[in-house]
Amino acid sequence: MNNNPIIVYLKNHLNVLKKLFIVLILSFSFFSCEKEKIEPGIIVQNIDFGTCIPADLPEQEYIITSDSVYQLILNNSVCSNYTLPTIDFSQYTLLGKFASGKCRVTFKPQVIKDESNMQYLFTVYVFDKGICKKEGISMNWVLVPKLPIGWSVNFKTE
C-alpha cells in the first residue's frame with residue numbers, strides 16, 4: 001500500500017469527482033425528463049396548420065371565437081388549394097400563442113381552466129436542448145372548449 005501523501009490526496013479527490021459526476025448525470029436525467037411531462041389540461045386538440053398560413057401573421061397571442069375571425073386571420077394561405085380545418089365555434093375556441101427557443105427546441109402547450117378567476121391559463125412550455133444559436137419558433141394553436149362569456153385568457157411562456 002502506497003502512503004505517499006500526493007497519491008493519497010489524488011485518490012481521494014478522484015473518488016469525490018467520480019461521485020460528483022454521477023450525481024450530476026443523474027440530476028440532469030431526472031430534471032430533463034420531468035420537465036417534458038406537461039399535462040395538456042383542457043386542450044381538446046393541437047392544431048397544426050403547417051406552412052399554409054399567412055407568412056406575415058403577427059407573432060402574438062390569439063383568441064378566435066368565430067368562423068368569420070378565423071377566416072379573416074388565417075385564410076390567406078400561401079399554399080394553393082389549401083382549406084382551413086373546419087372548427088365548430090359554437091363548441092370550441094381556437095387559441096394561439098407564439099413561442100421561440102434555441103437549438104433543438106420542443107414546445108408543450110397547456111391550458112388550465114381557472115374557474116375562481118374566470119379565465120383560461122394558456123402556458124407554452126419551451127424546452128431548449130443543445131447550445132447552438134439556431135432559433136426554433138412555433139405558433140402553438142390549440143382547440144379548447146368554448147371560452148365562456150365574460151372569461152379571459154392569460155397567456156405566458158415558460
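Rounded to the nearest 0.05, what FRET efficiency do Ile137 and Asn81 have when you use their Cβ-Cβ distance and R0 = 35 Å?
0.85
Pairs Lys11/Lys129; Lys129/Lys156; Lys113/Lys134; Lys102/Lys146; Lys108/Lys146; Lys11/Lys102: which are spaced more than 31 Å apart, C-alpha to C-alpha?
Those over the limit are Lys11/Lys129; Lys113/Lys134; Lys102/Lys146; Lys11/Lys102.
Based only on other Cβ atoms within 10 Å, what is the fewest-to-most ordering of Asp114, Asp56?
Asp56, Asp114
To make sure I understand, if each residue's beta carbon is the centre and we count other beta carbons within 10 Å, what order do Thr83, Thr65 fall in, fewest to most?
Fewest to most other Cβ atoms nearby, the residues stand as Thr83, Thr65.
What's the FRET efficiency of Lys156 with Leu57 using the Cβ-Cβ distance as r and R₀ = 22 Å, to the nearest 0.05?
Given R0 = 22 Å and the Cβ-Cβ separation, E is 0.65.
Fewest first, what order do Ile63, Ile53 take by the number of other Cβ atoms within 10 Å?
Exposure proxy ranking, most exposed first: Ile63, Ile53.
For Cys103, list long-range residues whose amide hydrogen, built 1.01 Å from N in the peptide plane, is under 5 Å from its own amide hydrogen.
Amide H neighbours of Cys103, under 5 Å, 5+ apart: Lys134, Glu135, Gly136.
We did not get these values from a lab; they are worked out from the coordinates using the rules stated. Predicted, not measured: the structure shown is a model, and the values here were computed from it. Heads up, the Cβs are rebuilt from the backbone with ideal geometry, glycines too, and the neighbour counts pull from every protein chain shown.
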